[in-house]
1. Out of everything in segment 1-21 that is over 21 Å from the mean Cα position of the chain (by Cα) and modelled with pLDDT of 95 or more, what residue ends up being surrounded by the most Cβ atoms within 10 Å (Cβ to Cβ)?
2. For segment 16-60, what are the residues that are among the charged types (D, E, K, R) and closer than 18 Å to I4 by Cα?
3. In segment 40-87, which residue that is assigned to a loop (DSSP other than H, G, I, E, B) and among the aliphatic types (A, V, I, L, M) is nearest to G14 (Cα to Cα)?
4. Just give me the residues in segment 1-27 being assigned to a helix (DSSP H, G or I) and in contact (Cβ under 8 Å) with a residue 24 or more places away in the chain, in sequence order.
Amino acid sequence: MSHIVKIRDLKEKGKDDLLKQLSEFKKELSQLRVSQQMNVGAARLGRIRTIRKGIARIMTVLNKNERENLRKFYSDKKLRSAKPKTLRAKLTHRRRLALKANEKNRKTRRQLRMAHKFPRRIYAVKV
């Protein structure tokens, strides 16, 4: 079994295959850790790093697929307001608290009255 896992190969696999491969990798990693403590099989210890990276890649693909499925689920208009914070757009604090376009353009009664009484003057320039 090859221990160097490519992301493009993992993307093609289903969830069950990924979970099976993940459990195999974790099992092998635990065996390597035991042999490391017992100072046996020093030649195999170099594979610990590749196994760990493989586990990380598999977990990354699993999490990415899970998030995509949740995004599809919450894309329905009824559920849009109940979207979990982890799926919302990542914005800065300032952007999150900024006024929306309709809030920026709202005017008080006095502003509306004054704008109606004193409209902006339009000048024509003769050439």
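1. My answer is Q21.
2. Those that are among the charged types (D, E, K, R) and closer than 18 Å to I4 by Cα: D17, K20, E24, K26, K27, E28, R44, R47, R49, R52, K53, R57.
3. L79
4. I7, L10, K11, K15, L18, L19, Q21, L22, F25, K26
The values are calculated or read from the model by the stated rules, or taken from the named source; none is laboratory data. Model, not experiment: these values are computed from the prediction. Methodologically, a virtual Cβ is constructed for each residue, glycine included, from the backbone with ideal geometry; neighbour enumeration extends over all protein chains shown.
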